[in-house]
Amino acid sequence: MNTAALSLNNLTVCYDRHPAVHHLSGAFASGSLTAIVGPNGAGKSTLLKAIMGLLPATTGRIDHAALARSDIAYLPQQAQIDRQFPITVLDVVLLGHWRRIGALRAVTAELRAKAVAALAAVELNDFQRRPIRSLSAGQFQRVLFARMLLQDARLILLDEPFTAIDARTTADLLDVVRAWHAERRTVIAVLHDLEQVRAHFPETLLLARSGIAWGRTAQVLTPDNLRRARQMAEAWDESAPPCAVDP
Amino acid sequence: MSGWIDGLFAPFVEFSFMRRALVACLALGLGCGPVGVLLTLRRMSLMGDALSHAVLPGAAIGFLIAGFSLTAMSLGGFAAGVTVALLAGLVTRFTGQREDASFAAFYLISLALGVLIVSTRGSSVDLLHVLFGTILAVDDASLLLVASIASLTLLTLALIYRPLIVECFDPGFLQSVQARGTAYHLAFLILVVLNLVAGFQALGTLMAVGLMMLPAAAARFWAQEVWSMAAVAAGIAVLSGYLGLLLSYHHDLPSGPAIILTAGMAYLLSITLGPRDGLIVRFLPRQHLQT
């Protein structure tokens with residue numbers, strides 16, 4: 001196996017003392033392409049947020065010592081973005097250069113040309129001047145992928161990137177994901193469509209708060225493992241006693 | 001005809017208090033317009049209102065200490081406004097209560113405190129001054145204050161423009177590439193309070209927020225990028241100041257409401273005539289374009 005880009009060591013992340021990710025250990029190999037699947041409330045999004053440092057680890061550690069913050073790109077679920085905001089497609093994509101432009105530096109002609117090229121790569125030629133509110137959900141997801149192309153990150157985290165996205169856009173954006181994989185970038189995606197996972201993602205983490213299975217996709221997505229994942233109770237047990245596993 | 005044109009300029013040529021009021025409106029509009037646009041985009045339209053009320057007890061305490069002194073009232077108002085903004089922000093950060101609710105709670109406490117202070121210690125005339133302002137009595141010192149606040153506002157906005165916009169369009173992204181946008185949010189709230197303080201002694205605490213929100217709400221019907229919206233809003237604010245002053249001069253009306261009502265007219269016109277989603281564009285049958 002390769003060196004790990006990211007390793008989890010007995011990680012527990014809680015909301016209000018109730019664990020959403022429970023004693024999870026393992027590693028995402030450098031250059032791997034991993035799908036995270038599991039039932040609703042299994043802690044998939046929570047895990048990505050914890051990796052981004054948006055949620056604190058209750059116990060355990062997340063190690064990505066070799067990666068700086070600017071080496072990580074994160075695509076949260078779409079709901080958090082104001083799609084009526086008065087901003088053009090090109091301006092959104094240019095934000096992918098944040099590491100180079102920050103709050104104050106100018107956008108050079110070269111950076112602008114790269115943004116236009118990124119838009120072309122997701123097949124949005126001639127969309128530069130369009131306000132984002134005129135875009136469909138699929139087109140907007142393409143814009144966000146173009147922005148991530150410019151971020152040029154070593155580790156890419158995608159939270160349900162293809163939910164409510166049409167089939168054609170999904171296929172095109174999966175091509176982008178595969179290109180990232182070919183460039184030896186580490187990609188982790190939360191997904192629901194098991195067929196898609198089997199077809200495109202070599203590694204899978206099956207999560208039901210605890211890790212059910214983690215490894216080659218074919219060995220993880222077995223009927224037995226999926227049944228065990230489904231048995232996870234979705235509701236919190238309000239009277240649950242403190243966890244007895246060693247911290 | 002010449003008399004009509006004369007009416008547009010004569011008041012300002014003739015009277016220095018009208019000139020000063022005009023310059024004050026110009027400076028106020030330049031600062032308030034862009035701040036208002038960002039407030040609406042951050043879905044904080046009503047928080048501007050809340051903050052304008054929050055300024056009151058500080059101004060009242062300043063008034064009690066130093067009489068009708070601009071410096072004392074402005075400093076007091078600024079301190080009260082920032083305190084309310086900070087407390088509301090802290091409650092939101094540490095308890096998770098939504099910011100509109102915590103803002104409402106603290107501004108109401110602040111407003112009641114302000115009215116209590118003014119009514120126990122001042123006369124009702126003073127209260128009217130604080131509530132409704134006296135733009136026609138703007139002196140050189142207050143003019144300097146208003147102009148300084150406008151300059152500081154535009155400079156600061158230029159410095160924090162990019163992160164401020166990202167923080168409001170896609171906060172998750174800013175968090176993932178840099179850090180939380182708390183510092184920018186705070187700097188922006190301070191600008192809001194400063195502009196309300198600039199506005200309150202010219203237009204009064206109740207009216208100050210009008211020159212901030214009405215042009216911003218109108219600008220949305222004319223432009224579709226933040227910078228152009230800010231430019232349109234500043235233009236509408238300045239024009240409302242000018243026309244409102246004329247209106248108040250010729251018809252002997254109080255200047256504050258005249259200015260804000262003019263801005264209100266600009267808003268209604270924008271809803272109707274504006275090319276971006278305006279009512280006429282929306283309901284006028286127009287031939288669609290080729291695909």
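The values are calculated or read from the model by the stated rules, or taken from the named source; none is laboratory data. From a predicted model like this one, the values you see are computed outputs, not experimental measurements. Positions of Cβ are generated from backbone atoms using ideal geometry, with glycine treated the same way; all protein chains shown enter the neighbour counts.
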For region B:1-106, please list each of the helices (runs of 4 or more DSSP H) lying entirely inside it that holds at least 2 residues being surrounded by fewer than 22 Cβ atoms within 10 Å (Cβ to Cβ) and hydrophobic (A, V, I, L, M, F, W, C).
B:2-14, B:16-41, B:56-66, B:70-95
From the list B:Gly81, B:Gly58, B:Gly89, which residue is farther than 30 Å from A:Asp16 by Cα and either charged (D, E, K, R) or at pLDDT below 90 (or both)?
B:Gly58
A:Ser70 fails exactly one of (1) over 23 Å from A:Cys243 (Cα atoms); (2) in a loop (DSSP other than H, G, I, E, B), namely (2)
Single residue of B:Ala187, B:Ala198, B:Ala208 found to be among the small types (Gly, Ala, Ser) and within 14 Å of another protein chain (Cβ to nearest Cβ):
B:Ala187
Return yes when A:Val187 is within 26 Å of A:Arg147 (Cβ to Cβ) and either modelled with pLDDT of 90 or more or of a type in the set (Asp, Glu) (or both) and no when it is not.
yes
Among the listed residues A:Ala103, A:Ala109, A:Ala113, which satisfies the condition of being over 23 Å from A:Ser134 (Cβ atoms), in contact with a Lys or Arg (Cβ under 9 Å, 6 or more places away or on another chain) and not charged (D, E, K, R)?
A:Ala103
For A:Trp98, only one of the following conditions fails: (1) crowded, with 18+ Cβ neighbours inside 10 Å; (2) of a type outside the set (S, T, N, Q); (3) more than 10 Å from chain B (Cβ to nearest Cβ); (4) closer than 30 Å to B:Ala231 by Cβ. What is its number?
(3)
I'd like to know if region A:119-131 contains one or more residues that are exposed (fewer than 13 other Cβ atoms within 10 Å of the Cβ) and within 11 Å of chain B (Cβ to nearest Cβ).
yes
Test result for A:Gln141, over 24 Å from B:Gln175 (Cβ atoms) and more than 10 Å from chain B (Cβ to nearest Cβ):
no
Quick count over region A:82-95, residues being under 16 Å from B:Gly172 (Cβ atoms) and more than 7 Å from every other protein chain (Cβ to nearest Cβ), is 2
Looking at region A:150-184, which of its residues are in a loop (DSSP other than H, G, I, E, B) and either among the charged types (D, E, K, R) or surrounded by 14 or more Cβ atoms within 10 Å (Cβ to Cβ) (or both)?
A:Asp152, A:Ala153, A:Arg154, A:Glu160, A:Pro161, A:Phe162, A:Thr163, A:Ile165, A:Asp166, A:Glu183, A:Arg184
When restricted to A:Leu104, A:Leu111, A:Leu11, A:Leu24, the only residue in a loop (DSSP other than H, G, I, E, B) and either away from every other protein chain (no Cβ under 14 Å) or without any contact (Cβ under 8 Å) to a residue 60 or more places away in the chain (or both) is A:Leu104
Taking region B:211-259 and keeping residues away from chain A (no Cβ under 14 Å), of a type outside the set (Gly, Ala, Ser) and under 21 Å from B:Arg43 (Cα atoms) leaves B:Leu211, B:Met212, B:Met213, B:Leu214, B:Pro215, B:Ile236
